[in-house]
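Please read the structure below before turning to the comments.
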Amino acid sequence: EYNEKTMSYQVLARKWRPRNFREMVGQEHVLRALINALDNDRLHHAYLFTGTRGVGKTTIARIFAKSLNCEEGIGSTPCGVCSTCREVDEGRFIDLIEVDAASRTKVEDTRELLDNVQYAPSRGRFKVYLIDEVHMLSGHSFNALLKTLEEPPPHVKFLLATTDPQKLPVTILSRCLQFSLKRMHIEQIQPHLQHILEQEGIAFEAAALLELARSADGSMRDALSLLDQAIAFGGGDLKASDVHTMLGSIDRGQVYEVLDALIQQDGKLLLQVIEQLAQQAPDFAGVLAAMITVLHNLAILQVVEGAEVGDIGERERLAAMAKTLSPEDVQLYYQIALTGRRDLPMAPDGRSGFEMVLLRMLAFRPATLGSAPPAKPGGLAPGKPEVAPARTPAAEAKAVLSVSPVTAVQSTQASVPIPAQISEQRPPSESKPQSELAHSPDAVSVPTIPPRAEQALPVQEAQPNVVGSLFEEPTIPASLVSKEDSRQDDAASTEGLFQRVDSILDGVSAAAVETGAENKLPSDLLSSAQEEVAQSTSAPSMGLVAENWADIVQMLPLNGMTRQFALNCAFRSEQDGVAELLLATDKAHLLNNNFQQRLEEALSSYYGKSIKLRVELSATISSETPSEVDSRRKAARLQQAQEAIAADANVRAMIDGFDAEVQMSSIQPID
């Protein structure tokens, strides 16, 4: 507005400052509380307005002060024509004391201000103190303000405004009604700018207003200031091209052109779009930020179809692109753009860094899963599942008996498990592949029908003697077996066992064909097979001996303090499933019921039967503990390594030729 009397221009931000609550844009949640308080005469003595810059904190405070002192009475709709309303609008009402806390931070300034609180207002009903940027006050100033702020005279109202409420003491916050003002949405800023331009009679383009609203970043005052600048830049008109040039931004449509080139996987087209962007000398970090925003909107649309994201003029294009780009590509492009924006300052220049980000998007896009790979020679055709050949009851039983490791009985098929040790010791000549068994001449192809409930063999309850004995046999290391002839006897007995089982299974196959029992194994033959296995496999004794105790402890799955407890226990004896251990008195802190129980469980699991421990403290232990055995072995390996280094011919040559010296402390054996 150009005033002929003052020969000055009033900027749009001041000219179009709201003068009542109805003219306010946004902040409905704050206005509702204030309007109800004014209309119902429920007024507090201190109000705190918080929010980012340009969202209406000071404006609301001034309208509130006008509503309190309007000559027509207290209400949410001041008349705007009385002397009080006009003086408030012009900033010269004597009972509205506006204080800039940023320039009056000292405690002396605050005390001087509070000295006048006790005096009654000159003209209005209330003396209103409007303290802007109140967080800038010093700590002493806040302390001086506390008592007055809590219990001011009835004719005083405090209106505080700040952009950083976190810096306010809790004592100040607890004495005020706090209202948090929100950032303005683009949908709120753009219509308001359009209304102002229509009232001012200025031609404009909708795209220009959209770019100004986006650049305002939630601040209405910033939007009006940019609008003033754009009008001056365009010589009285508002064009999108002028706004882009003024802001150093780009047309959002060019971002979509970049994404279209990426969708087409056209590197030449992509470089052409970058060349067009470079001619405008844009801020490439801002271009990447715009791409990130578009990709974010695309991701939302792909998850929630029909969601209202992005600007009004872009939603159709966003919806079309969301159906073209795959969600994987959107996430990949978003992550690359986000990382590229962080790394952009380290690039030689903005354009090369921006080009590299787009080339990454082009190069690292996942390959499209068009068709399945060709089938390997001799394999099945793609997409056709492999169908296992039908097996006879005999083949089923042989397959079950050769399972390794032992598996639990399934609910739909009876089985007799055999330990992995026996399966591994079976002679090669006696083992046949399942495919050969299934296609043998005497095989009978029958469907596998679930057996009756009474035929299922629960592993630990229904057959404790048969299956339990099979599970109890531990895997004994070769180092624990001292006699070669015992191993030969075990192999011979195992071979004889499988010969007897095979003879039984051959009878099963013949009986199945002869009797027509194609759906299940004969119960008597199955029982005989189980008894044969049970009688031929018996659980061994614990077999703990002092010289092997260290090796056994090393193989147990122990850790932490339980392992330390086991390593420091010496083996004394074992009888009837009870092992006696000795623990030195200086290690008595390791004797713990939990550690002992865990060691018992590990030994029981290792040997396949219940083992109990009895631990005694002893001042002198004749036998070595596993820890001492381990230390002795390590010392022996270290000595052997040192002797090997010292006897090495190359080492001797270097010592003699260069007067070298071997650092014995640096030698470590290879375990």
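The values are calculated or read from the model by the stated rules, or taken from the named source; none is laboratory data. All values derive from a computational prediction rather than experimental measurement. We place every Cβ from the backbone using ideal geometry, glycine too, and count neighbours over all the protein chains shown. Each accessible area value is taken on the protein alone, full model and side chains, heavy atoms only, with ligands, DNA and RNA left out. Shrake-Rupley method; radii C 1.70, N 1.55, O 1.52, S 1.80 Å.
Side notes on the structure shown:
- When restricted to residues that are within 19 Å of Leu181 (Cα to Cα) and either of a type in the set (A, V, I, L, M) or in a helix (DSSP H, G or I) (or both), segment 39-74 contains 12.
- Residues that are closer than 20 Å to Gln575 by Cα and in contact (Cβ under 8 Å) with a residue 24 or more places away in the chain number at least 3 in the following helices (runs of 4 or more DSSP H) confined to segment 588-671: 593-607.
- Candidates Glu112, Glu87, Glu71, Glu108 - the one that is out of contact with any Lys or Arg (no Cβ under 6 Å at 6 or more places or on another chain), of a type in the set (Asp, Glu) and crowded, with 16+ Cβ neighbours inside 10 Å: Glu87
- Of all residues in segment 26-57 being surrounded by fewer than 18 Cβ atoms within 10 Å (Cβ to Cβ) and within 24 Å of Asp228 (Cα to Cα), the one that is farthest from the chain's Cα centre (by Cα): Arg53
- Considered as a group, the residues in segment 149-164 that are open to solvent by 10 Å² or more (accessible area, probe 1.4 Å) and not in a loop (DSSP other than H, G, I, E, B) include one that is farthest from Leu130 (Cα to Cα), and that residue is Glu150.
- Annotation note: of Ile231, Ile202, the sole residue that is hydrophobic (A, V, I, L, M, F, W, C), touching a strand residue (DSSP E or B) at 6+ places or on another chain (Cβ under 9 Å) and assigned to a loop (DSSP other than H, G, I, E, B) is Ile202.
- In the set (1) closer than 19 Å to Arg214 by Cα; (2) open to solvent by less than 30 Å² (accessible area, probe 1.4 Å); (3) modelled with pLDDT of 85 or more, the condition left unmet by Leu301 is number (1).
- Conditions (1) surrounded by fewer than 18 Cβ atoms within 10 Å (Cβ to Cβ); (2) touching a Pro at 6+ places or on another chain (Cβ under 8 Å); number of the one not met by Ile250: (1)
- Given (1) open to solvent by 70 Å² or more (accessible area, probe 1.4 Å); (2) under 21 Å from Trp549 (Cβ atoms), index of the condition Glu643 fails: (2)
Conditions tested, residue by residue: (1) in contact (Cβ under 8 Å) with a residue 40 or more places away in the chain; (2) of a type in the set (Ser, Thr, Tyr).
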{"residue": "Arg104", "(1), (2)": "no, no"}
{"residue": "Ser122", "(1), (2)": "no, yes"}
{"residue": "Asn143", "(1), (2)": "no, no"}
{"residue": "Pro152", "(1), (2)": "yes, no"}
{"residue": "Ser174", "(1), (2)": "no, yes"}
{"residue": "Gln188", "(1), (2)": "yes, no"}
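- Matching residues in segment 205-228 - criterion: being outside any loop (DSSP other than H, G, I, E, B), open to solvent by 50 Å² or more (accessible area, probe 1.4 Å), of a type in the set (D, E, K, R) and at pLDDT below 90: Arg214
- Here Val309 passes the criteria (1) assigned to a loop (DSSP other than H, G, I, E, B); (2) open to solvent by 30 Å² or more (accessible area, probe 1.4 Å) except the one numbered (2).
- For Val255, the stated conditions hold: it is closer than 17 Å to Gly353 by Cα, hydrophobic (A, V, I, L, M, F, W, C) and in a helix (DSSP H, G or I).
- Boolean, Leu359 is within 16 Å of Gly267 (Cα to Cα), modelled with pLDDT of 90 or more and of a type in the set (A, V, I, L, M): yes
- Yes/no for Ala281 being of a type in the set (A, V, I, L, M, F, W, C), touching a residue at least 24 places away in the same chain (Cβ under 8 Å) and open to solvent by 20 Å² or more (accessible area, probe 1.4 Å): yes
- Restricting attention to segment 565-599, the residues that are surrounded by fewer than 16 Cβ atoms within 10 Å (Cβ to Cβ) and either closer than 17 Å to Asp630 by Cα or of a type in the set (Gly, Ala, Ser) (or both) total 3.
- Residue match in segment 265-272 (condition: of a type in the set (D, E, K, R) and touching a residue at least 24 places away in the same chain (Cβ under 8 Å)): no
- Selection count, segment 165-187, where residues are open to solvent by less than 40 Å² (accessible area, probe 1.4 Å) and within 21 Å of Gly26 (Cβ to Cβ): 4
So that you can scan it fast, the table gives a plain yes or no per residue for (1) aromatic (Phe, Trp, Tyr); (2) part of a loop (DSSP other than H, G, I, E, B); (3) modelled with pLDDT under 90; (4) within 21 Å of Phe49 (Cα to Cα):
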site	(1), (2), (3), (4)
Ser76	no, yes, no, yes
Cys85	no, no, no, no
Glu98	no, no, no, yes
Ser103	no, yes, yes, yes
Arg111	no, no, yes, no
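- For segment 551-571, a tally of residues being touching a residue at least 24 places away in the same chain (Cβ under 8 Å), out of contact with any helix residue (DSSP H, G or I) (no Cβ under 7 Å at 6 or more places or on another chain) and not in a helix (DSSP H, G or I) returns 2.
- The single condition from (1) more than 22 Å from Asp551 (Cα to Cα); (2) surrounded by 15 or more Cβ atoms within 10 Å (Cβ to Cβ) that Ala602 fails is (1).
- When restricted to residues that are within 14 Å of Val294 (Cα to Cα), at pLDDT below 85 and of a type outside the set (A, V, I, L, M), segment 247-268 contains 4.
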